[in-house]
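Enquirer: Take this structure, written in structure tokens, and hold onto it; I'll ask about it next.
The values are calculated or read from the model by the stated rules, or taken from the named source; none is laboratory data. Just so you know, these numbers come straight off a predicted model, no measurement behind them. Here Cβ is always computed from backbone atoms with ideal geometry, including for glycine, and neighbour counts include all displayed protein chains.
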Amino acid sequence: MISQIAVSDRLHRPLQSLRLSLTARCNLACPYCLPDHQELPGLLDQAQRLALITAACSLGVRRLRLTGGEPLLSSGLESLLAAVQSRRLEPADPLSNLLEVTLTSNGLLLSEDRAKALKLAGLDRITISLDGTDGISVAEMTGQQGGESSGAQILHRVLEAIRAARSAGFDPARGALKLNSVIQRGRNEQQVLPLASLARNEGLELRLIEYMDVGNRNGWTPEAVFTAEEMVRRIDAVWPLVHQGRSQASTARRWRYQDGAGWIAVVASISDPFCNGCNRLRLTADGMAYTCLFAEHGTSLRPWLVPEIDAEGLMCALADLWQARRDRYSEQRLSADGSQPSSDLTARQEMAYLGG
Ligand code: SAM
Ligand code: SF4
């Protein structure tokens, strides 16, 4: 029997959500992310990943998101999902606390067979990332040198992935299939309306994300942030919106289309930070724990994973880490002077390593 105890941090925020990265590698090179193309040394195996998920669930985690890099590059994805699912069904298991298991992916490798296998293995929801609706903007936002035609090929594959996910049973009407779009001023802000139109036609909730100052490769400047307010204003002018608010601990503020065509959501980490409800722990593919996307330091959990798994020690280490947590970087950034990063950029980790 594994002990279970819910933990909260110094700012009384409970640990409830785990983002587990399966790889830092990616098959795209989005300029705001710039991932590695080589695998990390010390990639965790399935037993180690399950030990991390178990420890996190024992401390209160109820939502698990599998991410990366590109998580579909991980050959262990389906078997991990299946192992998680079988334990979710055991009432005494900490994993039975999981309300949902989700995946964020660029969709390139999401064939019909893969989508069906993921559904069968127990995945509840998929969020697919796409930042443009034509070859030129997709090529630019995915870092392709081949220009319009390579962008058009990627767009085609992502649209096919959306269809594959839908036909595998990920129903957008139930929130099981959504679209993520990062909007960067000077790069793809002209894509806000086309993306909204695409999502409306496909019946998908569009989650528009402000360009964030994560990592130190992307050359972020405050001027490159196209704010959530600007995104909403653009869409509202064409398809009027009704504000629905932000639910507790959610990253997104939601809006409903007045004409009944569904919802959009905006993730405004820069202009409207949500640190006060942040309940997310990030674990990297090589076993580092980060309590904030903008953290300068992580904590290695490898001493409790290698050479052998020490489940009790792992749980204590995670509990100590969470209970000492005080991160509220985005709020501090905003109160400093409205935009400038205040932490040491060179010490920051990259988004594809942290898992987004
Ligand atoms: N490769 C997968 C994908 O793109 O969906 C999963 C990993 S990716 C790091 C997770 C999410 O983070 C994506 O929706 C991506 O667009 C977003 N993201 C990456 N870098 C970002 C940045 N600098 N600002 C805002 N969002 C970012
Ligand atoms: Fe890859 Fe996702 Fe980063 Fe784009 S955002 S480079 S798809 S990890």
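Enquirer: Check the stretch 151-161 and report whether any residue there is more than 23 Å from residue 266 (Cα to Cα), of a type in the set (A, V, I, L, M, F, W, C), within 16 Å of ligand 1 (Cβ to nearest atom) and assigned to a helix (DSSP H, G or I).
Expert: Looking only at the stretch 151-161, we keep the residues that are more than 23 Å from residue 266 (Cα to Cα), and these are 151-154, 156-157, 160.
Still in the running and of a type in the set (A, V, I, L, M, F, W, C): 152, 154.
When the remaining residues are screened for being within 16 Å of ligand 1 (Cβ to nearest atom), the result is 154.
Those left that are additionally assigned to a helix (DSSP H, G or I): 154.
There is at least one residue in the stretch 151-161 that is more than 23 Å from residue 266 (Cα to Cα), of a type in the set (A, V, I, L, M, F, W, C), within 16 Å of ligand 1 (Cβ to nearest atom) and assigned to a helix (DSSP H, G or I).
Enquirer: Residues that are among the aromatic types (Phe, Trp, Tyr) and more than 30 Å from residue 353 (Cα to Cα): does the stretch 212-221 have at least one?
Expert: Keep residues of the stretch 212-221 that are among the aromatic types (Phe, Trp, Tyr), which gives 220.
Filter once more, so that each one left must be more than 30 Å from residue 353 (Cα to Cα): none.
There is no residue in the stretch 212-221 that is among the aromatic types (Phe, Trp, Tyr) and more than 30 Å from residue 353 (Cα to Cα).
Enquirer: Given the residues 64, 52, 59, which is the only one that is within 22 Å of residue 304 (Cα to Cα), in contact with a strand residue (DSSP E or B) (Cβ under 6 Å, 6 or more places away or on another chain) and away from ligand 1 (no atom under 16 Å from the Cβ)?
Expert: After applying the criteria, what remains is 52.
Enquirer: Something else: What's the number of the only condition in (1) more than 26 Å from residue 260 (Cα to Cα); (2) away from ligand 2 (no atom under 16 Å from the Cβ); (3) β-branched (Val, Ile, Thr) that residue 238 fails to meet?
Expert: All conditions are met except number (1).
Enquirer: Out of 132, 143, I need the residue that is within 23 Å of residue 266 (Cβ to Cβ) and in a loop (DSSP other than H, G, I, E, B). Which one?
Expert: Details: 143 fails: within 23 Å of residue 266 (Cβ to Cβ).
One residue alone meets the criteria, 132.
Enquirer: Determine which member of the set 67, 104, 54 is polar (S, T, N, Q) and out of contact with any Ser or Thr (no Cβ under 6 Å at 6 or more places or on another chain).
Expert: 54
Enquirer: Name the one entry in 3, 74 that is within 16 Å of ligand 2 (Cβ to nearest atom) and over 28 Å from residue 225 (Cβ atoms). Break it down into steps so the answer makes sense when it comes.
Expert: Working: 3 fails: within 16 Å of ligand 2 (Cβ to nearest atom).
After ruling out the rest, the residue left standing is 74.
Enquirer: Right, something else. If you scan the stretch 194-225, which residues turn out to be hydrophobic (A, V, I, L, M, F, W, C) and within 11 Å of ligand 1 (Cβ to nearest atom)?
Expert: Narrowing the stretch 194-225 to residues hydrophobic (A, V, I, L, M, F, W, C): 195-196, 198-199, 204, 206, 208-209, 212, 214, 220, 224-225.
Matches in the stretch 194-225: 208, 209, 212, 214, 220, 224, 225.
Enquirer: Name the pairs whose Cβ atoms lie under 8 Å apart, with the first residue in the stretch 104-117 and closer than 24 Å to residue 182 by Cα, the second away from ligand 1 (no atom under 15 Å from the Cβ) and hydroxyl-bearing (Ser, Thr, Tyr), and 6 or more positions between them or separate chains?
Expert: Matching pairs, first to second residue: 115/167.
Enquirer: Assuming residue 24 fulfils every condition listed in (1) within 16 Å of ligand 1 (Cβ to nearest atom); (2) farther than 20 Å from residue 289 by Cα apart from one, which condition is it?
Expert: Condition (2) is where residue 24 drops out.
Enquirer: Quick check, is residue 245 at pLDDT 95 or above and surrounded by fewer than 21 Cβ atoms within 10 Å (Cβ to Cβ)?
Expert: no
Enquirer: Scan the stretch 146-159 and give yes if some residue there is in contact with a helix residue (DSSP H, G or I) (Cβ under 8 Å, 6 or more places away or on another chain), farther than 30 Å from residue 89 by Cα and modelled with pLDDT under 95, otherwise no.
Expert: yes
Enquirer: Within the stretch 36-87, work out how many residues are of a type in the set (Val, Ile, Thr) and over 13 Å from residue 285 (Cα atoms). Write out each step before concluding.
Expert: Keep residues of the stretch 36-87 that are of a type in the set (Val, Ile, Thr), which gives 53-54, 61, 67, 84.
Next, only the ones that are over 13 Å from residue 285 (Cα atoms) stay: 54, 61, 84.
Number of matching residues: 3.
Enquirer: Report the residue count in the stretch 75-86 for those that are out of contact with any strand residue (DSSP E or B) (no Cβ under 8 Å at 6 or more places or on another chain) and either farther than 24 Å from residue 317 by Cβ or surrounded by fewer than 19 Cβ atoms within 10 Å (Cβ to Cβ) (or both).
Expert: At the first step, the residues of the stretch 75-86 found to be out of contact with any strand residue (DSSP E or B) (no Cβ under 8 Å at 6 or more places or on another chain) are 75-76, 78-79, 82-83, 86.
Now restrict to residues that are either farther than 24 Å from residue 317 by Cβ or surrounded by fewer than 19 Cβ atoms within 10 Å (Cβ to Cβ) (or both): 75-76, 78-79, 82, 86.
Matching residues across the stretch 75-86 total 6.
Enquirer: Separate question: Considering only residues that are in contact with a Ser or Thr (Cβ under 6 Å, 6 or more places away or on another chain) and surrounded by fewer than 19 Cβ atoms within 10 Å (Cβ to Cβ), which ones fall in the stretch 199-233?
Expert: Listed by number, the residues that qualify are 216, 222, 227.
Enquirer: Within the stretch 90-132, take every residue that is polar (S, T, N, Q) and away from ligand 1 (no atom under 15 Å from the Cβ) and give me the one that is surrounded by the most Cβ atoms within 10 Å (Cβ to Cβ).
Expert: We begin by selecting, within the stretch 90-132, every residue polar (S, T, N, Q); these are 96-97, 102, 104-106, 111, 127, 129.
Restricting the remaining residues to those that are away from ligand 1 (no atom under 15 Å from the Cβ) gives 96-97, 111.
On the way: 96: 12, 97: 19, 111: 14.
In this case the residue turns out to be 97.
Enquirer: Just to be sure I understand, how many residues within the stretch 29-55 are under 17 Å from the mean Cα position of the chain (by Cα) and away from ligand 2 (no atom under 16 Å from the Cβ)?
Expert: The number of residues fulfilling the criteria is 1.
Enquirer: Name the residues in the stretch 80-120 that are within 16 Å of ligand 2 (Cβ to nearest atom) and either closer than 20 Å to residue 58 by Cβ or part of a strand (DSSP E or B) (or both), would you?
Expert: 102, 103, 104, 105
Enquirer: Would you check which residues across the stretch 143-184 are farther than 19 Å from residue 205 by Cα, more than 21 Å from the chain's Cα centre (by Cα) and surrounded by 15 or more Cβ atoms within 10 Å (Cβ to Cβ) and list them?
Expert: Once the filter is applied, which keeps residues that are farther than 19 Å from residue 205 by Cα, more than 21 Å from the chain's Cα centre (by Cα) and surrounded by 15 or more Cβ atoms within 10 Å (Cβ to Cβ), the stretch 143-184 yields 144, 148, 150, 151, 152, 153.
Enquirer: Let me ask something else about it. How about the stretch 25-69: which of its residues are surrounded by 17 or more Cβ atoms within 10 Å (Cβ to Cβ), of a type outside the set (A, V, I, L, M, F, W, C) and not in a loop (DSSP other than H, G, I, E, B)?
Expert: Within the stretch 25-69, 25, 48, 49, 54, 58, 63, 65, 67 qualify.
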